[in-house]
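Input: a single structure, listed below in structure tokens.
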Amino acid sequence: MIIKSIFKWFLLGPIYIFSFLIPKCDKVWCFGGFGDKYSDSSQILFEFASKKNNFICVWITGSKDLRRKLISDGYKCELRYSIKGILYQLISKKYIYSCYISDINFWTSGGAIKINLWHGIPLKKIEHDIVKGPLSKVFNPTSKFSYLCSHLIYPATNVISDVVFYSSEYERKIYETAFKPKKMIKAFSPRNISILDKYKTESSTKAYKVLFAPTWRSCGVELNYEFNDAIITEVYNFCKIKKLKLDISIHPASNYMVKDNIQYTSVSGGNLKLDEYELLITDFSSICFDFFLVGKSVLFTANDLDLYNNSDRGFYRDAYEFLEKNIITELEALRVNLDTYSSGERYSESFVAFDKDAISNVEAFFGAIECL
């Protein structure tokens with residue numbers, strides 16, 4: 001991996017240095033999504049910004065299929081390493097992404113304002129707050145050699161974002177240490193703004209679905225693979241009895257959990273229709289906050305809370321205390337809670353207090369970025 005990274009630096013490093021020297025155009029903005037997915041806050045803001053006459057908004061991707069689709073939908077989209085794509089990336093003043101600068105392109109990002117929309121309110125420790133588990137070697141290397149390797153192999157994950165957004169004091173404290181940004185703006189993410197707007201206009205729809213959405217584990221399959229299978233069986237039986245549809249959404253980085261005999265649903269901030277869902281069942285996924293935001297019920301179930309906390313990247317203290325009180329660790333207890341839920345009890349209390357003064361519409365959010 002080190003040899004491959006050295007070769008990549010040798011090949012693309014000159015472009016990275018050159019990108020700092022290129023004059024930037026304030027009206028050209030580049031957008032991207034994690035894993036070349038067209039989703040989440042960056043998708044929502046991209047579609048809004050693309051309607052502005054005086055701006056050139058370009059979605060950057062490595063997917064030819066996505067490029068064809070977006071162009072046919074009337075949007076501007078370029079491949080990451082096409083000549084046109086590289087030109088747009090080199091002159092773009094603002095890089096807007098949902099996870100990492102590599103959602104767009106690290107190698108062309110010199111001199112651009114890096115705006116991280118992030119993809120969820122964290123329960124689990126993120127980025128530079130991670131001090132244990134495999135990811136700690138990336139974000140908190142313990143020696144000069146490991147520090148060099150981290151920056152050599154994972155340059156995009158070590159880029160400090162210029163701007164991040166928060167909608168609660170809980171988030172502000174986390175992002176301050178996890179991202180170490182140059183600027184923080186109090187605002188709901190476009191993802192959550194979209195969820196709130198859709199829920200206001202569509203909440204009369206009768207809920208008829210249950211969503212099962214486990215999170216990603218950097219330690220791998222061994223943590224809870226079999227337990228998840230058992231949960232799916234239990235929830236499927238519950239839905240069958242109650243005549244509800246079960247949607248299963250797997251984290252984009254959790255391909256190891258995908259099975260050929262199960263149909264999966266892609267759920268993101270751009271397409272999450274909360275009015276359709278009766279209930280969320282998850283382990284530690286931050287999607288729980290999307291449901292809490294509109295008062296929807298959430299059941300937490302996992303048999304590896306302490307193992308994840310001690311062996312993987314761990315949780316923030318408030319999140320761990322909340323989960324410790326509310327997590328369902330046994331299948332029999334899950335059955336009991338599902339029965340209790342179906343008889344009328346709801347589980348919709350969040351430990352995070354959202355700030356009512358935070359920017360809560362996309363126009364104002366766009367304006368905040370425009371002023372940067």
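The values are calculated or read from the model by the stated rules, or taken from the named source; none is laboratory data. Keep in mind the model is a prediction, meaning the values are calculated, not measured. Because the Cβ atoms are built from the backbone with ideal geometry, glycine has one as well, and the counts that use them run over all protein chains shown.
Table: residues versus (1) out of contact with any Cys (no Cβ under 9 Å at 6 or more places or on another chain); (2) more than 26 Å from Tyr236 (Cβ to Cβ); (3) in contact (Cβ under 8 Å) with a residue 12 or more places away in the chain; (4) of a type in the set (A, V, I, L, M).
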{"site": "Thr282", "(1), (2), (3), (4)": "no, no, yes, no"}
{"site": "Val298", "(1), (2), (3), (4)": "no, no, yes, yes"}
{"site": "Leu305", "(1), (2), (3), (4)": "yes, no, yes, yes"}
{"site": "Tyr308", "(1), (2), (3), (4)": "no, no, yes, no"}
{"site": "Asp355", "(1), (2), (3), (4)": "yes, yes, yes, no"}
{"site": "Cys371", "(1), (2), (3), (4)": "yes, yes, no, no"}
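Asp318: touching a Leu at 6+ places or on another chain (Cβ under 8 Å), in contact (Cβ under 8 Å) with a residue 40 or more places away in the chain and either crowded, with 20+ Cβ neighbours inside 10 Å or over 18 Å from Glu234 (Cα atoms) (or both), yes or no? The answer is no for Asp318. Applying a threshold of 9 Å to beta carbon distances and a minimum spacing of six or more residues, or different chains, the list of pairs starting in region 45-62 at a residue that is free of Cβ contacts under 8 Å to residues at least 24 places away in the same chain and ending at one that is β-branched (Val, Ile, Thr) and assigned to a strand (DSSP E or B) is empty.
Go through region 155-174 and give me each residue that's without any contact (Cβ under 8 Å) to a residue 40 or more places away in the chain and surrounded by 19 or more Cβ atoms within 10 Å (Cβ to Cβ). If the condition is that a residue be without any contact (Cβ under 8 Å) to a residue 40 or more places away in the chain and surrounded by 19 or more Cβ atoms within 10 Å (Cβ to Cβ), then Asn158 is the only one that fits. Of all residues in region 129-139, one or more are of a type outside the set (Val, Ile, Thr) and at pLDDT 95 or above.
On the stretch given as region 104-150, residues that are without any contact (Cβ under 8 Å) to a residue 40 or more places away in the chain, under 18 Å from the mean Cα position of the chain (by Cα) and closer than 18 Å to Tyr16 by Cβ total 0.
Reported count of residues in region 302-337, each being in contact with an Asp or Glu (Cβ under 7 Å, 6 or more places away or on another chain) and farther than 18 Å from Cys288 by Cβ, is 2. Taken together, the residues in region 199-226 that are modelled with pLDDT of 80 or more and either closer than 21 Å to Glu330 by Cα or assigned to a helix (DSSP H, G or I) (or both) amount to 6.
Being in contact with an Asp or Glu (Cβ under 7 Å, 6 or more places away or on another chain), more than 22 Å from Leu45 (Cβ to Cβ) and basic (Lys, Arg) holds for only one residue in Lys182, Lys209, and it is Lys209. Look at (1) among the hydrophobic types (A, V, I, L, M, F, W, C); (2) part of a helix (DSSP H, G or I); (3) closer than 29 Å to Tyr208 by Cα and you find that Leu299 fails only one, number (2). Do the conditions hold for Ile44, that is, is it aliphatic (A, V, I, L, M) and assigned to a helix (DSSP H, G or I)? Criteria met by Ile44. Counting only residues that are farther than 30 Å from Glu276 by Cβ, in a helix (DSSP H, G or I) and among the small types (Gly, Ala, Ser), region 144-198 holds 4 of them.
Let's see how each residue does on (1) over 20 Å from the mean Cα position of the chain (by Cα); (2) not in a helix (DSSP H, G or I):
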residue: Leu280; (1), (2): no, yes
residue: Tyr308; (1), (2): no, no
residue: Phe322; (1), (2): yes, no
residue: Lys325; (1), (2): yes, no
residue: Thr340; (1), (2): yes, no
